[in-house]
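Each remark here refers to the structure printed beneath this line.
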Amino acid sequence: LIMLAFLPSAAYPLQELLPKLRGGGRDVQRKLAFLMTVIGYVGAALLGRLTHAPKELQMLYDTYGLSVCLLTLINKGFHIKASGHACGTVAALIFSIVLISPTAIFPSLVICAGAAWASLITKRHTPQELIFGVFTCIAAYAIVFFCYLLKG
């Protein structure tokens with residue numbers, strides 16, 4: 001929870017605490033949030049390996065870690081603003097279904113729909129950017145799943 005939720009969310013109060021970033025507005029806030037997400041997600045994947053996390057938990061960490069790496073590639077390399085919120089909520093949906101129960105799809109879809117609606121209503125993302133975020137997560141999960149499948 002610290003690595004996957006707290007660190008990425010900490011960017012918002014952190015911006016107010018850092019004098020050089022305080023007046024930067026939404027653009028600086030977004031960049032700081034993305035940086036904190038990279039640190040948190042990749043850090044979770046590495047920490048999981050160091051602490052020998054159970055397989056299912058490590059798969060979750062690896063999916064989040066790979067997803068933020070893919071988002072970075074898409075956003076910086078291809079200059080497409082794929083939605084990190086869509087990516088993160090879909091990862092939560094996937095792992096709720098896989099680790100809890102297939103019936104977890106219903107509350108998870110409500111959360112995903114709420115995140116999508118908020119991104120669209122605030123004009124932070126277009127439908128295309130949300131779709132890129134969703135497929136980024138699906139690709140990350142598929143890669144991690146098949147790597148673990150091959151590993152045995």
**OP:** Note down all Cβ pairs under 7 Å where the first residue falls in segment 61-78 and is more than 21 Å from Ala5 (Cβ to Cβ) and outside any helix (DSSP H, G or I), the second is at pLDDT below 95 and small (Gly, Ala, Ser), and they're at least six residues apart or on different chains.
**Re:** none
Original post:
Mind checking which residues of segment 1-14 are assigned to a helix (DSSP H, G or I) and either loosely packed, with under 11 Cβ neighbours inside 10 Å or of a type outside the set (Val, Ile, Thr) (or both)?
Top reply: Met3, Leu4, Ala5, Phe6, Leu7, Pro8, Ser9, Ala11, Tyr12, Pro13, Leu14
Subject >> Selected residue (only one of Ala82, Ala86, Ala104 is open to solvent by less than 20 Å² (accessible area, probe 1.4 Å), under 22 Å from Ala139 (Cβ atoms), in a loop (DSSP other than H, G, I, E, B) and hydrophobic (A, V, I, L, M, F, W, C)) >> reply: Ala82
Original post:
How many residues are assigned to a helix (DSSP H, G or I), among the polar types (S, T, N, Q) and more than 11 Å from the chain's Cα centre (by Cα) when one looks only at segment 35-60?
Top reply: 1
**OP:** Take Leu32 and decide whether it is surrounded by 18 or more Cβ atoms within 10 Å (Cβ to Cβ), in contact with a Cys (Cβ under 8 Å, 6 or more places away or on another chain) and aliphatic (A, V, I, L, M).
**Re:** no
Subject >> Residue match in segment 127-135 (condition: open to solvent by less than 90 Å² (accessible area, probe 1.4 Å), free of Cβ contacts under 8 Å to residues at least 40 places away in the same chain and in a helix (DSSP H, G or I)) >> reply: yes
**OP:** Among the residues of segment 15-29, write down those that are surrounded by fewer than 16 Cβ atoms within 10 Å (Cβ to Cβ) and assigned to a helix (DSSP H, G or I).
**Re:** Glu16, Leu17, Pro19, Lys20, Arg22, Gly25, Arg26, Asp27
Original post:
Going through segment 35-53 one residue at a time, which ones are touching a helix residue (DSSP H, G or I) at 6+ places or on another chain (Cβ under 9 Å) and loosely packed, with under 10 Cβ neighbours inside 10 Å?
Top reply: His52
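The values are calculated or read from the model by the stated rules, or taken from the named source; none is laboratory data. Note that the coordinates shown come from a computational prediction; the quantities given were computed from them, not determined experimentally. Note that we place each Cβ from the backbone using ideal geometry, even for glycine, and neighbour counts take in every protein chain shown. Accessible surface areas use protein heavy atoms only, side chains included; no ligands, DNA or RNA. Shrake-Rupley method; radii C 1.70, N 1.55, O 1.52, S 1.80 Å.
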